[in-house]
Every structure is written in structure tokens, then in C-alpha cells.
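Everything below concerns the one structure shown next.
Taken together, the values in this text are just the output of simple stated rules run on the coordinates, not laboratory data. Remember, predicted model here, so these are calculated numbers, not experimental data. Here the Cβ positions follow ideal geometry from the backbone for every residue, glycine too, while neighbour counts run over all protein chains shown.
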Amino acid sequence: MLTEDRETNDETQQFRELDVFIDAHKDMEGNLIVILQKAQSIFGFLPRNVIEHISKATGRTQAKIYGVATFYTQFRLEPIGKNLILLCQGTACHVNGALTIEEAIRDELEIQDGETTEDGLFTLNNVACIGCCSLAPVMMIRNADGEETYGNLTKEKTVDILRAIRERESANGRQAQ
Ligand code: FES
């Protein structure tokens with residue numbers, strides 16, 4: 001019950017933050033994209049109740065909002081995993097074996113680009129250059145603790161990194177019990 005209350009409070013706070021932003025940008029031309037970006041940064045993705053809320057707050061139809069949210073690949077309608085893997089597919093990484101690294105991730109986690117593992121631990125996203133080309137091939141892993149960049153990847157190194165994260169997550173889970 002306590003947890004539920006806390007979640008409700010958090011959500012109220014999140015909607016409040018979104019409303020302040022919508023209010024500040026209501027007269028801005030083309031504001032729907034920045035509002036959706038803000039909503040996604042607050043909620044992590046764009047759940048149905050958030051789309052409904054934005055629709056009411058901006059006077060746009062939900063169909064229009066879904067149209068924009070599904071047109072741009074930056075928007076997500078589903079929650080992402082606890083660890084977001086940003087796998088670089090830029091030129092330097094591509095030339096240095098990004099596809100092999102993607103294959104290793106796919107084999108280890110059984111997910112494709114844009115998908116989340118069943119246990120909700122990982123989401124894979126192929127991205128353009130992340131600015132560390134000298135370390136190619138590179139992936140960045142973003143989670144609640146921040147983000148870490150891993151370079152000079154090989155298949156083995158990639159699998160080791162993913163297994164270490166999984167192990168750490170399950171150790172954290174055991175401690176929390
Ligand atoms: S191409 Fe991958 S970091 Fe630049």
C-alpha cells in the first residue's frame with residue numbers, strides 16, 4: 001500500500017512537471033515535439049495516460065499525437081529496460097565490426113534492435129555515432145546509475161559485460177529481498 005501511495009505521488013509530481021512545461025511552451029510553434037520529448041524524459045516512454053493528458057492539455061487529438069509519436073523513431077510507446085544499450089552503428093564502428101557485436105548481443109539477450117528482454121533488464125537500440133570513434137566498436141549502457149561507454153569491443157568482451165550487469169542486477173535483487 002505504501003509503495004502504491006509513493007507511486008501515485010511520484011506520478012502526480014511527474015504530471016505536475018509536465019504541465020509546467022506545457023504551459024511554458026503552449027504558444028510556441030511546433031511545440032508538440034518538444035512536449036513529447038519532455039514527457040518521455042519524465043516518464044521514460046509515452047504511456048497511454050500521458051498521451052491522453054497531453055491531448056487534453058494541448059487540445060490536439062490523440063490520433064494526431066500518436067501520429068507524431070510513431071513517425072519519429074526517438075519516441076517510445078513501450079517502457080525501456082533497466083539498462084539501455086546504445087550500440088553505435090556509425091561508420092567507424094561499422095567498419096570495425098559493429099554488426100558482429102550486434103550479433104553477440106542478439107544471441108546473448110535474444111532481442112533485436114528496439115526490443116526489450118522479457119525480464120525487463122535490457123533494451124537494445126542501434127544508434128548513430130556517439131563520438132568515441134577511436135574506440136570503435138563502441139556501445140554505451142545507460143541505467144539509473146548513469147551511463148558507461150565500452151570500447152574496443154569484441155564478441156567475448158560484449159558478452160562478459162552483459163553477464164556482469166545481469167549478475168549485478170540479480171545480486172541487487174537478492175539483497176532487496
Ligand atoms: S562511429 Fe561509433 S563512436 Fe563514432
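Of the beta bridges in the chain, as assigned by DSSP with both residues counted there, near 60 percent are antiparallel.
Here is the link list: Lys82/Lys157; Lys38/Lys64; Lys38/Lys155. Which ones come out longer than 28 Å on Cα distance? Flagged as over cut-off: Lys38/Lys155.
Each residue of the stretch 31-47 is assigned a 3J(HN,Hα), and the resulting list reads 6, 4, 5, 5, 5, 5, 4, 5, 4, 5, 5, 7, 9, x, 7, 10, x Hz, derived from the Karplus form 6.51 cos²θ - 1.76 cosθ + 1.60 (θ = phi - 60°), x at Gly and Pro. Segment Gln62..Lys155, full-extension length gain: 29.2 nm, with 0.36 nm per residue of separation and the alpha-carbon distance subtracted. Rounded, prolate or oblate: which fits the stretch 26-138, taking a ≥ b ≥ c as square roots of the Cα gyration tensor eigenvalues, rounded meaning a/c under 1.5, else prolate when a/b beats b/c? Here the stretch 26-138 falls in the prolate category. Using a 7 Å offset from Cα along Cα-Cβ at Ile33, what residues in the stretch 61-86 end up with backbone N under 18 Å from the label point? Under cut-off, by backbone N: 64-77. Here is the short version for the chain: Cys129, Cys132, Cys133 have no other Cys C-beta closer than 4.7 Å. Projected over every direction and averaged, the convex hull enclosing the alpha-carbon atoms of the stretch 83-176 yields 5.6 nm². What the Cα convex hull of the stretch 2-71 gives, in volume per residue, is 79 Å³. Compared with the dominant Cα axis of the chain, that is its longest principal axis, helix 98-109 is turned about 80°. Over the chain, dividing the summed -39,500 (n - 2.57) contributions of all DSSP H runs of at least 4 residues by the number of residues returns a 222 nm mean residue ellipticity of -17500 deg cm²/dmol. Available extension along the chain between Gln175 and Val127 is 13.9 nm, counting 0.36 nm per residue and deducting the alpha carbon span.
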